[in-house]
Amino acid sequence: MSVRAKVRKLRLLPLLAWAAAFGWLVRQARRRFGRPPRVWHCGFPMHMTRGMVRVDRLAGFPGGSLVSHVSLNPAYAMVTAADYDIVLGNEGCRADELHLATFRHLLRHADILVAYFDLQLATVQQPENTARLLARLRRLGVRVVLVPNGLDVVYDTGKKDVADLLDRLQRDYPAWRIREESGLLSRRVHAYAGQADLVVGGDSVTARFLPREDLRFKYFPIDTAAFTPRYQTHNRVPVIVHAPNHRHIKGTDYLLQALERLRAAGVPFELRLIEKVVPAEAVRQYVEADVIADQFFLGAYGVFALEGLALGKPVLTYLDQEHLGDPVFNLPIVNATPDNLERVLAVLLAIPELRERLGRAGRASVERYQSIAALAEVWRCLYHHVWWGEPLDLSGTTHFGPERKPRSFTEDPADPDFWPVPVDDLLPKIGECIAVASRERKRPEEVSERTPVAYASGSPNNERL
């Protein structure tokens, strides 16, 4: 660091001291007079952050979102500056002062900080310094809630299942030295978790890397009002839509192999890969889909699957047993594994009645359990717990309601328990479709990527979303 930069940072110290003192006084006054805590969201500019802020405001908590920058590729950006309350890089803040500016804002304005694990209050090579600043925030009365956004918690744990994930990630992100950086990433995750009042894990995938997990659920909402469902498309042949922004960790290879075999068996369909398009065009393509193919490797569903449900589409996603066995993850997503994917697709492509049942059930479930209103109930309880010290009881929320039950573990689409909607009247058709998919099966190693596809735009995109 140059002498000039050091002098400039020293000049900021009085501003930090003032922010710390004033912020502490405001927090004490707000607490004394029973005012709701101000909640601020920080970290990488993820597209679900805007919805989380809307959840807070609906639940009666002021605050907002603060990021250093937005996407470096604005042509295909999932987010823009308009999605956040404060973008420091757009407000004249120097690049080498972004960390201190973030810290100063939190000192002054935050009562509760909700942050991803990629939060930086110091340089990325010094996660312990960020952890110390988190500890300082807590001493000054700020409560800290940490949530993973996905890749922000991934590192080499030495376990086989993680090794497979890292191998696929490395192919999707060839410039990311994942294993070489694992020591640094592990230090960050452990250091941050040690300074949190609450750690919310998103699912079983991120739980592999977290040293601590106080609660696990899909913590982000879907703005159902922004998605108009379309249950019937009347396409000439059924259209399958897949968004392979991460081809290897999404298991795009399994999808292409299954579709190659179905085409050889004479099953008609059209596959559209949605890559490098603006969000509005991507949603238009989703609306025209008969089937949404999400991912077939990770074992967990994410934002794309939930948006597909909100649009009234049958969604195919591989779900691991932790998802199937936990009622809080029970949504009418079709559990399509690499082994049953061909049979599941054969059934859905041939039976429009089943597609519509799944679409209607999916839309209703997202409205009930994953909407902004549903998540507002949950986060209200969480904020009252960390701010006021109230016991954490989520049983009265719809999202954690007792009517939600575990899913069946069966992976056989001929079993009616496999389907998340009633199918007893469709079982003869389902059996016929499965028989078609079982003919002339090829071994995976004999299958090439010859399946014709239509790209919405551009070429394969390996950018982080």
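The values are calculated or read from the model by the stated rules, or taken from the named source; none is laboratory data. Because the structure is a prediction, the values reported are computed rather than measured. Cβ placement follows ideal geometry from the backbone for every residue including glycine, while neighbour counts extend to all protein chains displayed. Side chains are part of the model used for accessible areas, which takes the heavy atoms of the whole protein and leaves out ligands, DNA and RNA. Shrake-Rupley method; radii C 1.70, N 1.55, O 1.52, S 1.80 Å.
Remarks
- Residue within segment 9-17 that is within 27 Å of Asn129 (Cβ to Cβ), modelled with pLDDT of 90 or more and surrounded by fewer than 20 Cβ atoms within 10 Å (Cβ to Cβ) present: yes
- Hits in segment 400-431 - residues which are free of Cβ contacts under 8 Å to residues at least 40 places away in the same chain and assigned to a helix (DSSP H, G or I): Pro416, Asp417, Asp424, Asp425, Leu427, Pro428, Gly431
- One residue alone among Asp223, Asp197, Asp164, Asp203 is free of Cβ contacts under 8 Å to residues at least 24 places away in the same chain and either open to solvent by 50 Å² or more (accessible area, probe 1.4 Å) or touching a helix residue (DSSP H, G or I) at 6+ places or on another chain (Cβ under 9 Å) (or both), and that residue is Asp164.
Yes/no per residue for (1) at pLDDT 95 or above; (2) open to solvent by 50 Å² or more (accessible area, probe 1.4 Å); (3) closer than 23 Å to Gly325 by Cβ:
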residue: Leu375; (1), (2), (3): yes, no, yes
residue: Thr397; (1), (2), (3): yes, no, yes
residue: Thr410; (1), (2), (3): yes, no, yes
residue: Phe418; (1), (2), (3): yes, no, yes
residue: Val421; (1), (2), (3): yes, no, yes
residue: Pro428; (1), (2), (3): yes, yes, no
residue: Ala437; (1), (2), (3): no, no, no
residue: Lys442; (1), (2), (3): no, yes, no
residue: Glu445; (1), (2), (3): no, yes, no
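- For segment 167-189, a tally of residues being open to solvent by less than 70 Å² (accessible area, probe 1.4 Å), in a loop (DSSP other than H, G, I, E, B) and more than 20 Å from Phe117 (Cα to Cα) returns 0.
- Across segment 267-319, the qualifying residues are those that are of a type in the set (Gly, Ala, Ser) and farther than 18 Å from Asn330 by Cβ, and the one among them that is surrounded by the fewest Cβ atoms within 10 Å (Cβ to Cβ) is Ala280.
Matching residues to (1) touching a residue at least 40 places away in the same chain (Cβ under 8 Å); (2) touching a strand residue (DSSP E or B) at 6+ places or on another chain (Cβ under 6 Å):
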| site | (1), (2) |
| --- | --- |
| Gly23 | yes, no |
| Val39 | yes, yes |
| His47 | yes, no |
| Arg50 | no, no |
| Phe61 | yes, yes |
| Thr80 | no, no |
| Asn90 | no, no |
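- Conditions (1) closer than 19 Å to Leu255 by Cβ; (2) assigned to a helix (DSSP H, G or I); number of the one not met by Ala364: (1)
- Taken together, the criteria place Ala5 among residues that are assigned to a helix (DSSP H, G or I) and at pLDDT below 95.
- Failed criterion for Glu322 (all others in (1) open to solvent by 20 Å² or more (accessible area, probe 1.4 Å); (2) in contact (Cβ under 8 Å) with a residue 24 or more places away in the chain; (3) under 23 Å from Met46 (Cα atoms); (4) part of a helix (DSSP H, G or I) hold): (3)
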